[in-house]
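Read-outs: derived from the displayed coordinates by stated rules, not from any lab. Model, not experiment: these values are computed from the prediction. All Cβ positions, even for glycine, are placed from backbone atoms using ideal geometry, and neighbour counts span all protein chains on display.
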Amino acid sequence: MAVNSQSGGMARTKASVRRAAEGQPSVPHIPRIPQVPVCYVAGPGPALMKRQGMRHMFKNNALSDCTIAVGSKSFPAHQAILAAASPLFMQLFQALDGKKGATVHEDNFSALTMERLLLCLYHGCVEPDCVCNRILSQGTKSADCAACCVSKVSTQDEAIDMLKCAEKYGVEWLKEWCETYLAKQHLRQRSLVLLLRLASQHNCQVLWKKCVRYMAAGKARLGSCVALPAFMQLMKEQPEVATKAQWEAATDLHGT
């Protein structure tokens, strides 16, 4: 490397001398800018460092000024971080006028669900060792990066609980991740009506479209779906939901 650098320098010097002899102005030497890893140029590197720092604050309770209480378990947290990530937390802390040491009680969700929500608000993942961290550190993007966080949720009930929690606290991106996960991992005939009800009740547009697309996979699929006892029950209890799903599926199936 040193030899190449010296040869390059000698070549530049000879060129400068030749230009001077010909009466041409010398061209100033512009040093070669060293290549920087993509993750630092594009931004994910610093973003990863920020996320890791936020996670460190949550795990170590550094400078916490509020507490989220769920049953017998409590999570020290930071008002500014929660308010910046959640409209509901913003309203709650504004009502408290920035009072330090405030406690927010949550009785509608499990401690596990709230802990996962807080992890998402702090660093974007429901689990501390999510693969997202490795993806960002490599400076790459992946459509699966979002879904991998929610994939840590092992059961359908946990994913539904997390979706409802995300909706309550206004964390739309987490809600959409839960919708995508439910559609990918749990959308079957036996769960179709449950997910249709969920999508209708909580305005889950992503999940609703996935359910309709599942029903529209073929004439036989559509016929078997609408013949389900659970779907017939849905038609009795919520005819507008059942009719809408059936009509949209038929429209998709026939391409009209």
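Compute the distance in nm between two label points, each set 7 Å from the Cα along the Cα-to-Cβ direction, one at Lys168 and one at Leu63.
For the pair Lys168/Leu63, the computed spacing is 2.9 nm.
With 27 Å as the limit, write out which pairs from Lys73/Lys100; Lys175/Lys236; Lys168/Lys236; Lys168/Lys244; Lys100/Lys168; Lys73/Lys209 have Cα-Cα distances beyond it, or answer none.
Lys175/Lys236; Lys168/Lys236; Lys73/Lys209
Using θ = phi - 60° and the Karplus curve 6.51 cos²θ - 1.76 cosθ + 1.60, what whole-Hz ³J(HN,Hα) does each residue of region 185-195 get, with Gly and Pro shown as x?
9, 10, 7, 9, 4, 5, 10, 4, 5, 4, 6
Residues with amide H under 5 Å of Ala102's amide H, sequence separation 5 or more or different chain, H placed in the peptide plane at 1.01 Å from N; which?
Thr67
Separation between the Leu96 and Thr243 pseudo-spin-labels, each 7 Å from Cα along Cα→Cβ, expressed in nm?
That separation, rounded to one decimal, is 4.7 nm.
How big is Rg to Rh over region 188-256, alpha-carbon atoms, Rh as the Kirkwood inverse-mean-distance radius?
The Rg/Rh ratio comes out at 0.92.
Starting with the highest mean, order 116-122, 249-255 by the number of other Cβ atoms within 10 Å, averaged over the residues of each peptide.
116-122, 249-255
Suppose R0 equals 45 Å; then what is the FRET efficiency for Arg221 and Asp107 from their Cβ-Cβ distance, rounded to the nearest 0.05?
It comes to 0.65.
Order the peptides 99-112, 166-179 from the highest to the lowest mean number of other Cβ atoms within 10 Å of their residues.
166-179, 99-112
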